[in-house]
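So the structure is just underneath, and the comments pick up after that.
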Amino acid sequence: MKQYGAEFLGTFWLVLGGCGSAVLAAAFPEVGIGLLGVSLAFGLTVLTMAYAIGHISGCHLNPAVSLGLWAGGRFPASKLLSYIASQVLGAIAAGAVLYVIASGAAGFDVAKGFASNGYAEHSPGGYSLVAALVTEVVMTMFFLLIILGATDKRAPAGLAPIAIGLALTLIHLISIPVTNTSVNPARSTGVALFVGDWAVAQLWLFWVAPIVGALLGAAAYRAIAAEE
């Protein structure tokens with residue numbers, strides 16, 4: 001149970017920190033943190049939680065990561081459903097807290113997006129479904145490749161959280177304009193449920209693409225990293 005509690009709290013922090021930075025601080029008049037700040041915020045949530053709970057649960061914080069680690073031979077299938085449920089519940093709880101905070105400001109309108117992921121008319125840059133699909137698959141594939149490599153027993157000890165946090169920052173720097181960056185079905189679900197409408201209708205892509213990308217990343221790492 002401690003592992004599942006750690007995943008709940010860790011995913012809560014990821015969504016509150018990452019999506020919170022987008023909703024509350026990104027466009028704040030004159031001094032907003034912008035896309036660079038949001039990208040860094042997501043990376044920092046993973047980096048800080050990796051050091052805080054990595055020794056308890058492995059700090060997955062993401063259903064796609066859990067599935068990718070299973071495919072990479074690093075995680076037992078028996079824990080998958082419980083990890084994923086803990087991550088999704090943590091994300092929804094964070095979405096609820098963020099909604100309470102954000103709705104305290106005059107003029108708040110959840111229909112403006114609430115940091116939800118989307119494609120076509122709901123993509124920040126108007127990118128198509130195909131562009132969004134390819135982006136999410138490729139970004140998640142490389143995220144898993146980095147996670148598996150950084151946590152390999154042959155990698156430098158103790159530095160994995162830094163590599164993984166910076167990887168997530170880079171992923172956001174690339175892909176926020178395309179999909180608002182998911183690479184994490186729990187993160188997408190946690191805010192989409194409060195928007196409803198189009199955000200829920202498009203949520204399928206932000207489950208399918210990250211999972212496919214994670215499985216591809218696991219396969220790629222196993223292909224290049226197998227010891228002779």
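The values are calculated or read from the model by the stated rules, or taken from the named source; none is laboratory data. All of these numbers come straight from a predicted model, not from anything done at the bench. Neighbour counts run over all protein chains shown; Cβ positions are idealised from the backbone, glycine included. Heavy atoms of the whole protein, side chains included, go into the accessibility calculation; ligands, DNA and RNA do not. Shrake-Rupley method; radii C 1.70, N 1.55, O 1.52, S 1.80 Å.
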Here FRET efficiency (C-beta to C-beta, Met1 to Trp204, R₀ 45 Å, nearest 0.05) is 0.90
Carbon plus sulfur fraction of accessible area for segment 92-196, probe 1.4 Å, in percent: 71 percent
Any chance you could give the angle, 0 to 90 degrees and rounded to 10, that helix 34-57 forms with the longest Cα principal axis of the chain? 40 degrees
The size of the Cβ-based charge dipole (Lys, Arg +1; Asp, Glu -1) of the chain about the Cα centre, to the nearest 20 debye, is 480 debye
So if we plug the beta-carbon distance of Arg154 and Ala52 into 1/(1 + (r/R0)^6) with R0 = 30 Å, what FRET efficiency do we get, rounded to 0.05? 0.75
Can you pull the Kirkwood radius for the chain, inverse mean 1/r over Cα pairs, to one decimal in Å? 17.3 Å
Helix 80-102 vs. the chain, principal-axis angle (Cα, 0 to 90°, nearest 10): 30 degrees
Nearest 10 degrees, 0 to 90: what angle lies between the long axis of helix 129-150 and the longest principal axis of the chain (Cα atoms)? 40 degrees
What FRET efficiency comes out for Leu81 versus Ala223 if R0 is 22 angstrom and r is the Cβ-Cβ distance? Round to the nearest 0.05. 0.20
With every protein chain present, what is the per residue accessible area of the chain (1.4 Å probe, Å²)? 45 Å²
Show me 83-93, 21-31, 189-199, 159-169 ranked by packing, highest mean number of other Cβ atoms within 10 Å first. 83-93, 189-199, 159-169, 21-31
